[in-house]
Structures are given as C-alpha cells and as structure tokens.
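Everything below concerns the one structure shown next.
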Amino acid sequence: MKIKISALHLDRSAYVYVRQSTSAQVHEHVESKQRQYALAERAVALGWAPEAVEIVDEDQGKSGASTEGRDGFARLAHDVAHGKMGAIFAIEASRLARSSQDWQRLLSLCSVAHVAVIDEQTVYDPSDRDDKLLLDLKGAMSEQELRWLGLRLAGGRLNKARRGECFVT
C-alpha cells in the first residue's frame, strides 16, 4: 500500500480551507465552522508542525459554485501551483469547489505539485488513479447537488403558487 503523506508533504505547509456558502450559515451553523477549524488539529496529528498549518477562511459566506470573488480559493490554487503547500484540508474534499471545471483544475495542479487532499476521513493523492477517480466522482456529485437543490426549491415555490399561497412583494 502506498503511503500517502510523505516527507515532501510535511516539509511544506498544510492549508485548512474553511468555507460556508452563505452569511446565514456562517452565523447559524457554528458546529460546521468548528469542525472545519478543527482540521488544523488533524493536520498536526498527521505530522505537520503547528506553525506550518495555515487557515484559509476568507471565503466565508461565499458559494463554491464559482471561483469568482473567492480570494481564498485563488490563493490555494496559486500556492499549490508554486509548490508552497503539501496538503489541502477541507471538511469534505468536494467543498473546495462546486464547479467541475474549477475542481478539475485544482486537482490537476495538486497532482502535478504532489499536494495531498485531506478531509475528515480520508487522505487522497490526486496523482493516484483510484484516488483521482473518487475525487472526480465527489466533485461531479457536488456540482449536481447545487442543481438538485435548486430544482427542489423551485418545485416548492411552484407548488405553493398552485395552492395560491405564493406572494411576491
């Protein structure tokens, strides 16, 4: 079995990416925020020095549907491409991006730069074919989840309108 965290990873920084999609989630879903920040402890437990763990949380309250306006994601991609990091930590790997195009670009950079992608349960090596397949599937499902959520919300509004209970101000 291949060891997924090597000295190369540990010699670089570990970035913990913290993001929730809306301002309401940031303020109301405190448990999610705490779990995300706790990934810094997971990084230390996996071998990174505490001073080598960097929190990237400037994308709080911003959707992952696009990289537009997500300075934290842009910094992640930049630092991956420039060999500054050994791993990206996220509560779920697919939370990094909900756009397949952005997701694939980041995974390609991680593969070339030998950056591990780590969530609460698993360490992924994007250059490993099996891990890449899993990450691809997670990214595709994450992107579709946005569409499915939109369809459910639209269906609820339509149903309410059919009953004559939908009021628009």
Problem set entry | Criterion violated by ALA87 - all others in (1) modelled with pLDDT under 95; (2) part of a strand (DSSP E or B); (3) among the small types (Gly, Ala, Ser) satisfied | (1)
For this session: Please work out which residue is modelled with the lowest pLDDT, limiting yourself to the stretch 123-138 and to residues that are among the hydrophobic types (A, V, I, L, M, F, W, C) and assigned to a helix (DSSP H, G or I).
Result: LEU137
For this session: Name the single residue, out of those in the stretch 55-70 being modelled with pLDDT of 80 or more and buried (at least 19 other Cβ atoms within 10 Å of the Cβ), that is nearest to ASP11 (Cα to Cα).
Result: VAL56
For this session: Identify all residues within the stretch 82-98 that are open to solvent by 20 Å² or more (accessible area, probe 1.4 Å) and within 16 Å of ASP136 (Cα to Cα); write none if there are none.
Result: GLU92, ARG95, ARG98
For this session: Tell me, please, whether a residue that is closer than 17 Å to GLU120 by Cα, at pLDDT below 80 and under 12 Å from the mean Cα position of the chain (by Cα) can be found in the stretch 19-32.
Result: yes
Exercise. If you scan the stretch 99-122, which residues turn out to be open to solvent by less than 30 Å² (accessible area, probe 1.4 Å) and either charged (D, E, K, R) or not in a loop (DSSP other than H, G, I, E, B) (or both)?
Worked result: ASP102, TRP103, LEU106, LEU107, CYS110, ALA113, ALA116, VAL117, ILE118, ASP119
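The values are calculated or read from the model by the stated rules, or taken from the named source; none is laboratory data. Here the structure is a predicted model, which is why all the values come from computation and not from measurement. Cβ coordinates were reconstructed from backbone atoms using ideal geometry, including for glycine residues, and neighbour counts include every protein chain displayed. Keep in mind that these areas ignore ligands, DNA and RNA; they rest on the heavy atoms of the full protein, side chains included. Shrake-Rupley method; radii C 1.70, N 1.55, O 1.52, S 1.80 Å.
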